[in-house]
Amino acid sequence: MPECAFAPWTDPGAEPLIRFRNVTKRFGDFTAVRDLTLDIYEHEFFALLGPSGCGKTTMMRMLAGFETPSSGHIELAGQNIVPVPPNKRAVNMMFQSYALFPHLNVWDNIAFGLKRDGMPKDALRERVAEMLKLTHLERFARRKPHQISGGQRQRVALARSLAKAPKLLLLDEPMGALDKKLRQETQFELMDIQEKTGTTFVIVTHDQEEAMTVASRVAVMDEGELIQVATPSAIYEAPNCVYVADFIGDVNIIEGAAHRAGEDRYTVHWADGQAPLMAASDKAFSPAQNAFLAIRPEKVLVTAERPADAVNAIQGRIHDIAYLGNISTYHVEVAGGRMLKAQTANTRRIENRGFTWENRVWLSWDSTAGVLLER
Amino acid sequence: MRLSWFNITSLTLGFAFLYLPMIILVIYSFNESRLVTVWTGFSTKWYGELLSNQAFLDAAWVTLKVAVFSSTLATVLGTLAAYALVRGARFPGRTLFSGMIYAPLVMPEVITGLSLLLLFIGIGLDRGVLTIVLAHTTFAMCYVSVVVSSRLVSFDQSLEEAALDLGCSPWDAFRLVTLPIIAPAVISGWLLAFTLSLDDLVIASFTTGPSATTLPIKIFSAVRLGVSPEINALSTLMIAVVTLGVIIASLISKRNFVREQQGVAGRH
């Protein structure tokens, strides 16, 4: 991942390509986007992630020019684009339904935007050929959209929106209509194309895996607000609230009272008669403040005996085992009927593994494995 | 489903009820005899005679002119009205307008004819081909707009947004994307308007003047002096033209529907 090399958001001198400044969008009584401020930098692959109705599509439609903010303004390369109609913006969009023109063949679909710009014939032919090559569609240039497969249509839509070399490409759930396998392939292809063309991509998705795979940064949205904007790894390893931790991947949330136990260390009292859990946190908690300890299942170790050096260990009974081939998820019932999940990689063959239903096991993890959250 | 004797009987009765009078008319148009009700032998001479009857030919020419102009005008206006009502921004009273455009469909023709007559007299327009064209446009427009708006409702609006996104002005988006896609509906709307104009008697007789006699008016007045085999021949020809128009219109919309279904099926 280019994350270490490419991080303009950490550079205070970098000029963002897109700036949302206190943007609010209301539809009647419903507020789709609430006082939102966000910077997106050039060459970024930026993902807007959230459940349906969180305002992510509205953000994208405001960038494309199909919606006008109720208040606030949006800048593209330093220019306020709110009054600019969609056909005058250096922004192109790939639609969720692909919106291919059914009466035009693949070639004419890709050439459509270029023709509107009055591009000379030779240059146009060259550009379309380049786009067909980029998306491996050379053989289908003369086909109509209804004569090609879903995956091919998706690539035509991508080629058409990239043909005009926009400053910004918007992708609205681009993989929504593809099956899982094709989707994974396409995600890598998309990243490849993004790197080759150097275009800034903004993708809208409700699929957290997809956002994590393709994006340089992810914005998690809920009810019209940005909850967290960070790199995929930061979002996963250091979510800033239970909502984000829960939305991205699988997580165990243990609620309890936090007490300071040294520098950047807290104990969490989570159940009567149980040893408190130890967690590292650079955030400050007041004594006995209610806190949530979030631990990813793959960071929880399952053992038959209590590991001697374990900082946190809880005994429980295996309630359920989900075997997924490469990994297994154990649902373990611990004190107070609480269910915790632990994941182990199946590096051994199935008959060599020790645990089965109703076994008593120990769950253990390190003090830095989890994140302590206020809300 | 298998056809039972009951279904066969009801189908036969129904179709006989609908088409028997027309079949009799068509058969008698090939009758040798001048007496309409007495069959003496097969002949096409009444068709020949029809072609040498200048009055009928004039009426046919007027009818054709009226039908072409009114259906074209109705198609343009009806398509624009459908587009505005389906796609336009929500404006107060849109539902009322959408309902109102369909009202002439159920309005008795006598009332439409009479009100148009009063209007033409009121504004001092000489009655003739022009007034019939205007009158036919008025009622055919509703039919066109019904046909076109039903197509627009099922039309994926993101296609128009994609056109705008790729640099089209709203007019270009309509011209280059919307219109080619809804063209079959527009064409079947035109054919419908054309056939409606061809066979209209009531509204035409209200709004016509001495200079313009359409075929239905001609037939109606001729029949009052007694049915001649020539009229049968003429009516047969009109039935043929109207049938052809309706068949073409339904074929076009059916083919388009099938293609659209294929497109949708392929997408998933």
Two decimals is fine: what is log10 I(q)/I(0) at q = 0.14 Å⁻¹ for chain A, from a Debye sum with one equal scatterer on every Cα and no solvent?
-1.16
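What ranking do B:6, B:69, A:140 get, fewest neighbouring Cβ atoms within 10 angstrom at the top? Don't jump to the answer; show the numbers that get you there.
Numbers: B:6 8, B:69 18, A:140 21.
Ranked by crowding around the Cβ, least crowded first: B:6, B:69, A:140.
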If the viscosity is 1.567 mPa s and the temperature 4 °C, what translational diffusion coefficient in µm²/s does Stokes-Einstein give for the range A:1-60 when Rh comes from Kirkwood over Cα pairs?
98 µm²/s
Per DSSP helix of 4 or more residues, -39500 (n - 2.57); summed, then divided by the residues of chain B. What does that give at 222 nm, rounded to the nearest 500?
-25500 deg cm²/dmol
Expressed in nanometres to one decimal, the distance between label points 7 Å along Cα→Cβ at residue A:43 and residue A:126 is 2.5 nm
What nm distance separates the two modelled labels at residue A:196 and residue B:111, each placed 7 Å from Cα along Cα→Cβ?
6.6 nm
Here P(r) for the range A:251-373, Cα-Cα distances in 5 Å bins, as whole percents, is 2, 12, 21, 23, 18, 12, 7, 4, 1, 0
Quick check on the range A:68-176: what does the Kirkwood estimate of hydrodynamic radius come out to from the alpha carbon pairs, in Å?
14.8 Å
Among the trypsin sites (Lys or Arg not before Pro) in the range A:316-351, which ones are in a DSSP loop with at most 12 other Cβ atoms within 10 Å of the Cβ? Mind listing them?
A:348, A:349
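Between residue B:17 and residue A:182, what's the calculated FRET efficiency when r is the beta-carbon distance and R0 is 60 Å? Round to 0.05. Numbers along the way, then the final one.
Numbers: r = 57 Å, r/R0 = 0.95.
The computed FRET efficiency comes out at 0.60.
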Using a Förster distance of 45 Å, the FRET efficiency for residue A:77-residue B:76 (Cβ separation, nearest 0.05)
0.60
Per residue of the range A:292-306, what does 6.51 cos²θ - 1.76 cosθ + 1.60 with θ = phi - 60° give for ³J(HN,Hα)? Whole Hz please, x for Gly and Pro, Karplus curve as stated.
10, 9, 9, 10, 6, x, 6, 9, 9, 8, 10, 9, 6, 9, 6
Full extension between residue B:153 and residue B:169 adds, at 0.36 nm per residue less the Cα distance, a length in nm of 3.6 nm
Which ordering of B:52, A:216, B:158 is given by a fewest-first count of other beta-carbon atoms within 10 Å?
B:52, B:158, A:216
Stokes-Einstein translational diffusion, the range B:55-261 - Kirkwood Rh over all Cα pairs, 1.567 mPa s, 4 °C, in µm²/s:
70 µm²/s
Suppose we look only past 23 Å in the calculated P(r) of the range B:1-93. What percent of the Cα-Cα pairs does that tail hold?
64 percent
With +1 on each Lys and Arg Cβ and -1 on each Asp and Glu Cβ, and nothing else charged, work out how big the dipole of the range A:8-243 is about its Cα centre, in Debye to the nearest 20.
1240 debye
Determine the percent antiparallel among the DSSP beta bridges restricted to chain A, to the nearest 5.
75 percent
Check which residues have an amide H placed less than 5 Å from residue A:261's amide H, if you skip close sequence neighbours.
A:266, A:267
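Calculated from DSSP H runs of 4 or more alone, at -39500 (n - 2.57) each and per residue, what is the 222 nm mean residue ellipticity of chain A, nearest 500?
Using -39500 (n - 2.57) per qualifying helix, the result is -6500 deg cm²/dmol.
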Sequence order, the range A:255-263: Karplus ³J(HN,Hα) from phi using 6.51 cos²θ - 1.76 cosθ + 1.60, θ = phi - 60°, Hz rounded, Gly and Pro as x, gives 8, x, 9, 8, 10, 5, 9, x, 5
Positive-end residue, chain A charge dipole about Cα centroid, Cβ charges, pick of A:253, A:344, A:79:
A:79
The simple spin-label model distance between residue A:338 and residue B:24, using points 7 Å out along Cα→Cβ, in nm, is 9.2 nm
Please identify, among B:95, B:75, B:195, the residue showing maximal mean-square fluctuation in a Gaussian network model of chain B using a 10 angstrom Cα cutoff.
B:95
Near residue B:254, which lysines are there with a Cα under 28 Å away, not counting those fewer than 8 places off in the same chain?
A:144
Regarding the range A:113-250, what is the average projected area of its C-alpha convex hull, in nm²?
9.9 nm²
Can you give the mean number of other chain Cβ atoms that lie within 10 Å of the Cβ atoms in peptide A:91-102?
5
Sort the following peptides by mean Cβ neighbour count (other Cβ atoms within 10 Å, averaged over residues), highest first: B:29-35, A:197-203.
A:197-203, B:29-35
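Before anything else, pin down the relative contact order of the range B:114-268: Cα pairs under 8 Å, at least 6 apart, normalised by residue count, whole percent.
Contact order relative to length: 32 percent.
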Anyone know which of A:246, A:108, A:117 comes out most mobile in the 10 Å Cα GNM of chain A?
A:117
Can you sort B:141, A:175, A:212 from fewest to most other Cβ atoms within 10 Å of each residue's own Cβ?
A:212, A:175, B:141
Relative contact order of chain A, please, whole-number percent, based on alpha carbon pairs below 8 angstrom and at least 6 residues apart.
14 percent
What is the projected area of the convex hull of the Cα atoms of the range A:275-334, averaged over all directions, in nm²?
5.8 nm²
Just need the relative contact order of chain B here, percent rounded to a whole number, with Cα pairs under 8 Å and 6+ apart.
29 percent
Going out from 0 in 10 Å bins, what whole percent of all Cα-Cα distances in the protein assembly as shown drops into each bin?
3, 12, 16, 16, 14, 12, 10, 7, 5, 3, 1, 0
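Return the average number of partner chain Cβ atoms within 10 angstrom of each residue Cβ along peptide B:155-163.
The per-residue average across the peptide is 6.
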Could you work out the mean count of beta carbons from other protein chains within 10 Å of each residue's beta carbon in A:111-124?
2
Given the options B:93, B:209, B:14, which has the most mean-square fluctuation in a GNM of chain B, springs set between C-alpha atoms less than 10 angstrom apart?
B:14
Nearest 5 is fine: what % of DSSP beta bridges in the protein assembly as shown come out antiparallel, could you say?
75 percent
Under a 5 Å amide H to amide H cut-off, with H placed in plane at 1.01 Å, what residues pair with residue A:42 once short-range neighbours are removed?
A:17
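The numbers here are math on the coordinates, done by the rules we state, and not lab data. Because the structure is a prediction, the values reported are computed rather than measured. In this analysis, Cβ positions are derived from the backbone assuming ideal geometry, glycine residues included, and neighbour counts consider all displayed protein chains.
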